[in-house]
1. Which residues' amide hydrogens lie under 5 Å from the amide hydrogen of ILE139, considering only partners 5 or more residues apart or on another chain, with H built in the peptide plane?
2. Just grab the label-to-label distance for LYS114 and LYS196, each label 7 Å out from Cα along the Cβ direction, in nm (one decimal).
3. Nearest 0.05, what FRET efficiency do THR158 and ASN22 give at R0 = 35 Å with Cβ-Cβ as r?
4. I'd like the accessible area for LYS173: 1.4 Å probe, protein heavy atoms, all chains in place, Å² to the nearest 10.
5. Per residue, what volume in Å³ does the convex hull of the Cα atoms of the stretch 112-251 enclose?
6. Positive end of the charge dipole of the chain (Lys, Arg +1 and Asp, Glu -1 on Cβ, about the Cα centre): tell me which of LEU166, SER24, ASN201 has its Cα farthest that way.
7. Quick one: plug the Kirkwood hydrodynamic radius of the chain (C-alpha pairs) into Stokes-Einstein at 10 °C, 1.306 mPa s, and report D in µm²/s.
8. What size of dipole, in debye to the nearest 20, comes out for the stretch 104-254 about its Cα centre when the only charges are +1 on Lys and Arg C-beta atoms and -1 on Asp and Glu C-beta atoms?
Amino acid sequence: MGVDKLQPLRSKWLKTKLIINNESIKPFIPDTQKFNKTNLKSMMSKYGMVYVKPERGTFGMGVIKAEMEDHQHFVYQHDQKRLTFNSFESFYTSLTRLVNKRSYLIQRGIHLLKHNKRRFDIRVMIQLSPTKQWEATGIIGRLGHPKKIVTNYHSGGTPMDVHKLLNSHASTKRRNELIQEMNELSLRIARHMKKKYSYLNQIGVDIGLDHSLKPWIIEVNVKPDPFIFNQLKDKTMYRKVIRYHRHAAKKLTK
């Protein structure tokens, strides 16, 4: 997949607008708006917690968690730095300096499930098979660093078996149903995106589960890291993900 072709899909805003047009995907997309004062104020008031994200960025870099405390204090955390403000104006002014005229988005915050008091989300790998069929080839949990707001492996997150992470939240039967639901949702996203971007051959869908076990689409990656699956003890998924990844790469070089 050439760099030029992928360029538009580096935009989180473009990807959100693309998949929100699908009625079967839309209910799983957290409210996402462009970063500005009006949107920030209304979304903070409505949700109490939001994530402020660079429109273009990888590995969770530049992500800011913003929330209201006691309906009177505004707080944001960037990396491991946490700041508290007594007014929305001072909060917004500080955030604006941090964003520094770059294009950012505001996304409704999802209160993720936790394992050992650490937040986690789930990465689903969807790839075109050698017979050109979309397949869910891998699913892995990402346990966030205890002092950080993102779960990415490159930001100190720990890749883990999904069943282990969900063990205290759902029965074996419910865990299997959830995995099936997340795989099917991710397959719908791949098929929908493929209609517009015919060269697409793999995506990684980051899904957060809230306390009612509803899946939320946090982000869709068009260049997902296949090597994260090598962190699992069982290499079955990793071998398949790599085989499909190499097959797709080989076809592109022909």
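1. MET125
2. For LYS114 paired with LYS196, the spin-label model returns 3.7 nm.
3. On the way: r = 32 Å, r/R0 = 0.92.
That pair, THR158 with ASN22, gives E of 0.60.
4. Spelled out: LYS173, probe radius 1.4 Å, area about 140 Å².
5. Working: hull volume 14.9 nm³, N = 140.
Cα convex hull per residue, to the nearest whole number: 107 Å³.
6. Highest projection toward the positive end goes to ASN201.
7. 83
8. Value, rounded to 20: 380 debye.
The values are calculated or read from the model by the stated rules, or taken from the named source; none is laboratory data. Predicted, not measured: the structure shown is a model, and the values here were computed from it. A quick note on method: Cβ atoms are made from the backbone with ideal geometry, for glycine too, and the neighbour counts reach across all protein chains shown. Note: areas computed on protein heavy atoms with side chains; ligands, DNA, RNA excluded. Shrake-Rupley method; radii C 1.70, N 1.55, O 1.52, S 1.80 Å.
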